[in-house]
1. Only four residue types carry charge here, +1 at the Cβ of Lys and Arg and -1 at the Cβ of Asp and Glu. Report the dipole size of chain A about the Cα centre in Debye, rounded to the nearest 20.
2. So which trypsin sites (Lys or Arg not before Pro) in segment A:101-194 pass both tests, a DSSP loop state and at most 10 other Cβ atoms within 10 Å of the Cβ?
3. Looking only at Cα atoms, what is the convex hull volume of segment A:93-248 per residue, in Å³?
4. Once the dipole of segment B:134-272 is set up with Lys and Arg at +1 and Asp and Glu at -1 on Cβ about the Cα centre, which of B:PHE238, B:GLY251, B:LEU140 lies farthest towards its positive end?
5. Please compute, for peptide B:196-207, the average count of beta-carbon atoms on other protein chains lying within 10 Å of each residue's beta-carbon.
6. Just order B:201-211, A:58-68 by mean Cβ neighbour count inside 10 Å, highest at the front, would you?
7. Are there trypsin sites (Lys or Arg not before Pro) in segment B:59-155 that DSSP marks as loop and that have at most 12 other Cβ atoms within 10 Å, and which are they?
8. Simple spin-label model, 7 Å along Cα-to-Cβ: A:SER174 to A:ASN158 in nm?
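What follows draws every value from the coordinates through simple rules; no lab data is involved. This one's a predicted model, so the numbers in the text were calculated from it and none came from an experiment. So basically every Cβ, Gly included, is an ideal-geometry build from the backbone, and we count neighbours across all protein chains shown.
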Amino acid sequence: MSAATMAAAAPPPAAAAGPRLLEIAGLKVHFRTDDGWVRAVDGVDIGVDRGETLCVVGESGCGKTVTAMTILKLIAMPPGKIVAGSILWQGRDLVPLGPDQMRAIRAKEIGFVFQEPMTSLNPVYTVGEQIAEAVRQHEGLSRRAARDRAAEMLRLVNIPNPQRRVDDYPHQFSGGMRQRVMIAMALSCNPKLLIADEPTTALDVTIQAQILDLMQEMKERLGMAVLLITHAMGVVAETAQRVVVMYAGQVVEEAPVEALFGRPMHPYTQGLIRSIPRLDLAATEHRRLEAIPGTVPSLLNPPAGCRFAARCRHAIPACSAAPPPLREVTPGHLAACIRAEEIS
Amino acid sequence: MAAPAARKRVGPWGEAWRRFRKHRLAVVSAVVLAVLILGVLVGPLFWTLPIDEIDFSARLAGPSWAHPLGNDDLGQDLLARIMYGGRISLAVGFAAMAVAVTVGVAVGAIAGMAGGKLDAVLMWVTDLFLSLPQLPLLLLIIYLFRDSLKEVVGPEVGVFILIVTIIGLFNWMQVARLVRAQFFSLREKEFVEAARALGASRWRLVTRHILPNALGPVIVAATIDIAAAIIAESTLSFLGLGFPPDIPTWGRLLFDAKDNLDFAPHWAIFPGLAIFLTVVSINFLGDGLRDALDPRRVI
């Protein structure tokens, strides 16, 4: 996909000037196992523009987390291996960079928030020390200045009494508070992109909304882009401007959020949207929750054609013949389905 | 700040101290150990009787006002000898522990971080050391090297270095296994991953994030190592292969006392008591430290 088509769909102000913030092209990440190479990510193109929220959605094992971790090279290599593709960060390819160069990018340029707030903080340091750690490494602040910055970050993520809480240990915080601390850590060096890998999955529903609101607020205040990994369509509808749907290590659909929910083109996306629990329907029609039949194909030896064909209600023989290309069906709306026009 | 001060806010060391104080046995042990250490360090300044003043009239005499812990078969004052020997026994214990922990942490950390072939080789070496019969080997090594080292750095320092090194090199295996196991579990923890995502280097991950979390068990193992080293030194001295006969370490005192147990039990009881008190209080101290230094544990 080119920058020009994106600009047509949802013109971000900076899209025209220079390279995109993040441009992943043809990325393939494989993992070696005793049974052979697992193709966890198998030819993924994702682009993120300055200041936008992009959601990557898909079920467990579709490669969304591996894609996100690969951007910062956080996957273990070996057994993982970037087989092909490029990750252009503001026009500069991150794939060939060494560990030291990657360290300079982590937190400083791209922040990362993990799924599990309960265990993502080091139990032996105060939260202040942990927030300050990144700042001190990347910006060389003094201990005192870093502590002040840490308190300021805690205030920014709406933790009451930050001057006091900065000296508390992680076990003195609740799950939602810890996720706020994680966000504060990720944002402490003012990154241009925040990658959040299912940041709300481990939290209560009420806390989920607070965290999503917080990320939205931070994004607007700090003017950064957000790459949100999730499997919850509700989270997507609430936060995203653009959505990438992944299935079995590949992108199957990409669209602005209204277009995706309004006119989903890939049968997998349609299935995902149909399987959202709806209280209004359940109450009136006693309907069972719809599910997508079948299971995800093995990534050890994926089918030759469309990887969703075996579970697809619209599949025709041609689907299994060759992998369907990701193509622009309507402006800004891409889908990897040969029958996208007829079934949407 | 008008916060309801539920508890006074203290720094991490103050917090550790607060937790430590709740461990009554550890506090008592710390006091006992402090008295012992202080006693052997400054005691000789006040108890100025020489350790080698021979007085046959007081031969094998029991405790008296002039000699609170009695005299040995040459009439030498036992209190002075125990205080002097305690310095060496304790120094050997701490120094050997330092050697053991340093080697153990290094081996364990390297094995735990590297994994794979290097890990296999290091653990093979660890198992090899564990399977060696220690005492015969200690005796053999000391027998082989004592004289040559004596010529280079003098009898006392030479034997000290030799004993500390050897005891240390025979006690690092437990620490290494402990640290390796801790590293294996800790390096997969989310907070290590999170620190990596914040741009921490490998060295920083190890020293700031993994090692401090592995420290609790290491502290306990280290205290056990001190105790084991003191006992090992006593054993060597008891067997007559430790320090020269004129240096009355606690083990050496026992060695000298063993032939007169029937007539002068005090000669063996007091050095034995010193060893016992030191080892026991160090072990309790280790327990207390582990609890105090672990912020996850609520006390």
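1. Details: 36 positive and 35 negative charges, 93 e Å.
Around 440 debye, computed over chain A.
2. On the way: sites: A:ARG103, A:ARG106, A:LYS108, A:ARG136, A:ARG143, A:ARG144, A:ARG147, A:ARG149, A:ARG155, A:ARG164, A:ARG165, A:ARG178, A:ARG180, A:LYS192; in loops: A:LYS108, A:LYS192.
Taking segment A:101-194 and a limit of 10 other Cβ atoms within 10 Å, no loop trypsin sites (Lys or Arg not before Pro) are found.
3. Numbers: hull volume 20.3 nm³, N = 156.
Spelled out: Cα convex hull of segment A:93-248, divided by residues, is 130 Å³.
4. B:LEU140
5. On the way: counts 8, 17, 17, 17, 6, 4, 2, 0, 3, 0, 0, 0.
Mean number of neighbouring Cβ atoms from other chains: 6.
6. Numbers: B:201-211: 17.2, A:58-68: 21.7.
My ranking of the peptides, most packed first, is A:58-68, B:201-211.
7. Working: sites: B:ARG59, B:ARG81, B:ARG87, B:LYS117, B:ARG146, B:LYS150; in loops: B:ARG59.
Hits after loop and neighbour filter: nothing returned.
8. So the label points at A:SER174 and A:ASN158 sit 1.3 nm apart.
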